[in-house]
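The values are calculated or read from the model by the stated rules, or taken from the named source; none is laboratory data. Model, not experiment: these values are computed from the prediction. Cβ sites come from the backbone with ideal geometry, for glycine too, and all protein chains shown count toward neighbours. Protein only, heavy atoms only, side chains kept; ligands, DNA and RNA dropped before computing areas. Shrake-Rupley method; radii C 1.70, N 1.55, O 1.52, S 1.80 Å.
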Amino acid sequence: MTTALVTGAAGFLGRHLVPALTAVYGTVDTVDLVAGSGDLRDALPSLPRYDAVFHLAAAVGGRAGIEGEPLRVAGNLALDVAFFDYVARTRPAHAAYLSSSAVYPAPGGTPYREESVHPRAPRLGLPDGTYGWVKLTGEHLAAVVRERTGVPVVCYRPFSVYGPDQGGEYPVPAIAARALAREDPLTLWGSGRQTRDFVHVDDAIAAIVATHREDVESLNVCTGAGTDFLTLARLCADAVGYDPCIAGDTSRPNGVGHRVGSPDLLARWFTASTTVEDGVRRVVSALA
């Protein structure tokens with residue numbers, strides 16, 4: 001019987017990944033502090049070897065967390081060190097590290113390609129805040145473990161993943177909830193002109209399951225399509241069925257101006273199929 005381990009299993013991605021892995025592995029065990037199964041730093045030393053391990057455990061909290069709680073976010077380093085120590089010791093057949101698109105330099109006008117950022121490169125751009133630096137350090141640890149132990153570690157760089165059961169600190173459910181309350185004006189954080197590559201969680205999970213055993217160091221989880229927040233808000237309003245004035249709130253964090261990934265490498269194995277229009281309708285329907 002094959003086995004898998006997921007850390008951070010009670011989080012947004014973890015809740016979707018665990019059931020998806022049951023079709024691949026006979027046993028899927030989990031560790032999550034919130035779910036009551038313990039701090040992974042305490043749990044990992046006593047856990048056995050698994051065929052595949054997936055490290056999702058991290059403190060994020062959306063844009064507010066990235067910009068407002070840098071020390072809390074920096075604590076993710078301790079979790080990453082514990083995970084990679086466990087990987088180096090038990091040597092699973094496959095390992096996956098959930099990095100982030102925040103590793104890419106904050107300014108960017110073209111789709112980001114995996115090879116444009118490597119943790120061992122002689123020069124690096126400026127990642128998105130402490131969170132981006134921490135994830136880039138995690139990728140560095142993944143490279144060290146890969147080189148020293150031979151364990152293949154895939155570092156996933158998810159872009160703006162969203163879905164029906166995501167927390168209200170993230171943009172799609174937050175804007176959808178305000179639209180359902182028929183707020184007018186319907187307000188957005190920042191200018192509203194900032195652009196993101198929105199990926200439905202079903203596509204994100206399917207991409208990870210389809211590729212976690214491939215020989216690749218880093219992989220974007222993206223669609224290649226950019227949507228600005230003004231358009232996102234209009235889609236939410238259309239799904240609700242009203243026509244508000246839509247306005248940005250520049251007193252709130254704007255985040256980076258543009259972040260869209262290149263799906264070219266991912267397309268060797270998987271292509272996202274959920275449009276933003278359909279995904280937003282599904283979020284609104286779930287919240288209604």
Exercise. Say each of ALA106 and GLU169 gets a label point 7 Å from the Cα, pointing the same way as Cα to Cβ; how far apart are those two points in nm?
Worked result: 2.0 nm
For this session: Work out, step by step, the length gained on full extension between GLU277 and ALA181: first 0.36 nm times the residue separation, then minus their alpha carbon distance; give nm to one decimal.
Result: 32.6 nm
Problem set entry | Mean ellipticity per residue at 222 nm, deg cm²/dmol - from DSSP H runs of n ≥ 4 across the chain, formula -39500 (n - 2.57) | -11000 deg cm²/dmol
Exercise. Carbon and sulfur: what percent of the chain's accessible surface (1.4 Å probe)?
Worked result: 53 percent
Exercise. Roughly how many Å is it from the Cα centre of the stretch 142-190 to that of the stretch 212-288, as a whole number?
Worked result: 9 Å
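As an exercise, identify the GluC sites (Glu not before Pro) in the stretch 127-170 lying in DSSP coil whose Cβ has no more than 16 other Cβ atoms within 10 Å.
Numbers: sites: GLU139, GLU147, GLU169; in loops: GLU169.
Qualifying residues, ordered by number: GLU169.
How much length would be gained if the chain were fully extended between ALA20 and VAL34, taking 0.36 nm per residue of separation minus their Cα-Cα distance, in nm to one decimal? Kindly include the intermediate steps, with their values, before the conclusion.
Details: separation 14, 0.36 × 14 = 5.04 nm, distance 2.06 nm.
Gain on stretching ALA20 to VAL34: 3.0 nm.
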For this session: Using only the alpha carbons of the stretch 211-275, determine the length spanned along each of the three principal axes and report them from longest to shortest in whole angstroms.
Result: 48, 28, 16
Problem set entry | Ordering of 148-158, 247-257, 50-60 by packing [mean C-beta count within 10 Å, highest first] | 50-60, 148-158, 247-257
Exercise. How far apart, in nm, are two points set 7 Å out from the Cα along the Cα-to-Cβ line at LEU77 and at LEU124?
Worked result: 1.1 nm
Problem set entry | Integer Hz, Karplus 6.51/-1.76/1.60 couplings in order for the stretch 262-272, x for Gly and Pro | 8, x, 4, 5, 4, 5, 4, 10, 7, 10, 4
Seminar exercise, completed: Taking a probe of 1.4 Å and leaving out DNA, RNA and ligands, the stretch 109-178 shows per residue an accessible area in Å² of 43 Å²
Exercise. How high is the relative contact order of the chain, in percent, with contacts defined as C-alpha pairs under 8 Å that are six or more residues apart?
Worked result: 19 percent
For this session: Output the relative contact order of the stretch 87-128, whole-number percent, from Cα pairs under 8 angstrom with separation of 6+ residues.
Result: 44 percent
Exercise. Using r as the Cβ-Cβ distance of ASP215 and ARG89, and R0 as 25 Å, what FRET efficiency do you calculate, to the nearest 0.05?
Worked result: 0.65
Seminar exercise, completed: The ³J(HN,Hα) series, computed from each phi in the stretch 88-101 with the Karplus coefficients 6.51, -1.76 and 1.60 at θ = phi - 60°, rounded to the nearest Hz and given as x for glycine or proline, is 5, 7, 9, 6, x, 5, 9, 9, 10, 10, 7, 7, 6, 5
Problem set entry | Placed amide H near ARG252: partners under 5 Å, 5+ positions off or other chain | GLY190
Seminar exercise, completed: Expressed in nanometres to one decimal, the distance between label points 7 Å along Cα→Cβ at VAL144 and THR250 is 4.4 nm
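Give me the percent relative contact order of the stretch 143-271, please, defined on Cα pairs under 8 angstrom at least 6 residues apart. Numbers along the way, then the final one.
On the way: 226 pairs, mean separation 46.5, N = 129.
Taking the mean separation of contacting Cα pairs over the length of the stretch 143-271, I get 36 percent.
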